[in-house]
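The values are calculated or read from the model by the stated rules, or taken from the named source; none is laboratory data. Since the structure is predicted, the reported quantities are computational estimates derived from the model, not experimental observations. So basically every Cβ, Gly included, is an ideal-geometry build from the backbone, and we count neighbours across all protein chains shown.
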Amino acid sequence: MTGTWWLDLLIGVVGALLLTWAVLVVVLITVRPRGGLLREALRLLPDVVRLVHRLAVDRTLPRGVRIRLGLLLAYLALPIDLIPDFIPVLGYADDAIIVTWVLRGVVRRAGLPAVRRHWPGTEDGFAALCRLTGMR
């Protein structure tokens, strides 16, 4: 009887993890940039990573924003992706999608001037970032 209880618990935990993963994949597919914006997001990724780091260490930003950015940097540093790289299109794009999603929240909380102040790339790159994240 005791062995069955542990097996049921293990099956329940694995099932919950798989369901959570499936929900996250659906969310990523829903919030992904449309059309050529995904290609732009992948091209901008190095500048965006530097931007995220600069924003994360800026003490003038709200603590919640910095914590989200720190968690994003930790996710980007992990060798394990939410969606494995061998899955076509979304495999390599999950980082860009998650960064875009977090940056939209950062702009809502911290404002566009903070993002502009820390942008390490070109003006064209910033314009592309604005299109990608819906910043005006």
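Would you mind finding the one in LEU42, LEU61, LEU55, LEU51 that is surrounded by 12 or more Cβ atoms within 10 Å (Cβ to Cβ), modelled with pLDDT under 75 and among the aliphatic types (A, V, I, L, M)? Quick ask: steps written out before the conclusion?
Numbers: LEU61 fails: modelled with pLDDT under 75; LEU55 fails: modelled with pLDDT under 75; LEU51 fails: modelled with pLDDT under 75.
Result: LEU42 is the single residue among LEU42, LEU61, LEU55, LEU51 that is surrounded by 12 or more Cβ atoms within 10 Å (Cβ to Cβ), modelled with pLDDT under 75 and among the aliphatic types (A, V, I, L, M).
Of all residues in region 64-87, exactly one satisfies the criterion of being at pLDDT 80 or above, among the β-branched types (Val, Ile, Thr) and buried (at least 17 other Cβ atoms within 10 Å of the Cβ), namely VAL65. A residue that is polar (S, T, N, Q) and over 30 Å from LEU19 (Cα atoms) can be found somewhere in region 55-76.
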